[in-house]
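Down below is the structure, laid out as structure tokens.
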Amino acid sequence: MDTLAPAHPSEASSVAPSLTRQVHERLRADLLGGHWQPGGKLPMHLLRARYDVGASPLRESLGRLATEGLVVHHDQRGFCAAAVSAAELRDVVDTRVALESMALAQAFARRTPQWEEALVLAFHRLSRTPRSVQVDSYEENPQWEVYHRAFHRALLSACGSPVLLGFCDQLYDRAYRYRQLAARKAYKRRNEQDEHQAIFDAVMAMDLPTAQRLLAGHYERTAALFTGTLGKG
């Protein structure tokens, strides 16, 4: 019977980080997407079965996710998915509005034809993609999520600050978790396409105060929809 030769040390060292990164990305996506119940335990046997890995890469991934605020470690209970609350979402929205208003102002000051062209393309792709795979009920359309993130990133991309964009990306992820938790109950209670259209039009018209106001209102609606679903089953 054929046997596998032991991996060369350099090969082993390159495989482990890659495996941990893959587990981290999959687990992170599941936490953000609501697969694991907020506040619920993350049993190691279920994690091993779902991600088909051993305990070591899982623990390393969970540790990284704890630093990102998506996982909580309790000495006696192990790991749990971070809980959600209206108070945390309020904090996320307020911080996001403040930072993105600043980033948008900087982008306006540094606007170039290339930035406008990239924004036009991002909006075009988003506007032509349905929010849900199903027409009458919400089923996440992964391609819409890709284009949605790209549109919001394009709005701020000319700000000139990688650090500021990094913080905005982190807040997008935190808000995304809440959007997914509320999406099924809130589906068809808002017209996100019209909201994106209005923001895009204000930016193209070089109307910064209106663009900032509309962007803030866009995030406030998400917060209101999530808060309205609390305690409703």
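The values are calculated or read from the model by the stated rules, or taken from the named source; none is laboratory data. Small disclaimer: the values here were computed from a predicted structure and weren't measured. Heads up, the Cβs are rebuilt from the backbone with ideal geometry, glycines too, and the neighbour counts pull from every protein chain shown. These area figures cover heavy atoms from the full protein model, side chains too; ligands, DNA and RNA do not enter into them. Shrake-Rupley method; radii C 1.70, N 1.55, O 1.52, S 1.80 Å.
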key: Cβ pairs under 7 Å, 6+ apart, first in segment 32-53 and among the basic types (K, R), second surrounded by 15 or more Cβ atoms within 10 Å (Cβ to Cβ)   = K41/C80; R48/L58
key: Yes/no for P142 being under 20 Å from the mean Cα position of the chain (by Cα) and over 21 Å from A86 (Cα atoms)   = yes
ask   = For segment 117-162, which residues satisfy the criterion of being closer than 14 Å to V203 by Cα and hydroxyl-bearing (S, T, Y)?
value = S157
request  = Look through segment 120-131, keep the residues that are basic (K, R) and open to solvent by 80 Å² or more (accessible area, probe 1.4 Å), and return whichever of them is nearest to H152 (Cα to Cα).
outcome  = R125
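Could you grab me the full set of residues in segment 89-98 that are open to solvent by 40 Å² or more (accessible area, probe 1.4 Å) and touching a residue at least 40 places away in the same chain (Cβ under 8 Å)? Can you show your working first?
Let us first name the residues in segment 89-98 that are open to solvent by 40 Å² or more (accessible area, probe 1.4 Å), namely 90-91, 94-95, 98.
If the condition is that a residue be open to solvent by 40 Å² or more (accessible area, probe 1.4 Å) and touching a residue at least 40 places away in the same chain (Cβ under 8 Å), then R90, T95 are the ones that fit.
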message = Restricting to segment 51-108, name every residue that is part of a loop (DSSP other than H, G, I, E, B), more than 16 Å from D30 (Cα to Cα) and in contact with a Lys or Arg (Cβ under 9 Å, 6 or more places away or on another chain).
response = G54, R77
message = Within segment 69-80, does at least one residue satisfy the condition of being at pLDDT 85 or above, open to solvent by 50 Å² or more (accessible area, probe 1.4 Å), of a type in the set (D, E, K, R) and in contact with a strand residue (DSSP E or B) (Cβ under 9 Å, 6 or more places away or on another chain)?
response = no
inquiry  = Given the criterion touching a residue at least 60 places away in the same chain (Cβ under 8 Å) and in contact with a strand residue (DSSP E or B) (Cβ under 8 Å, 6 or more places away or on another chain), identify the matching residue among E192, E140.
reply    = E140
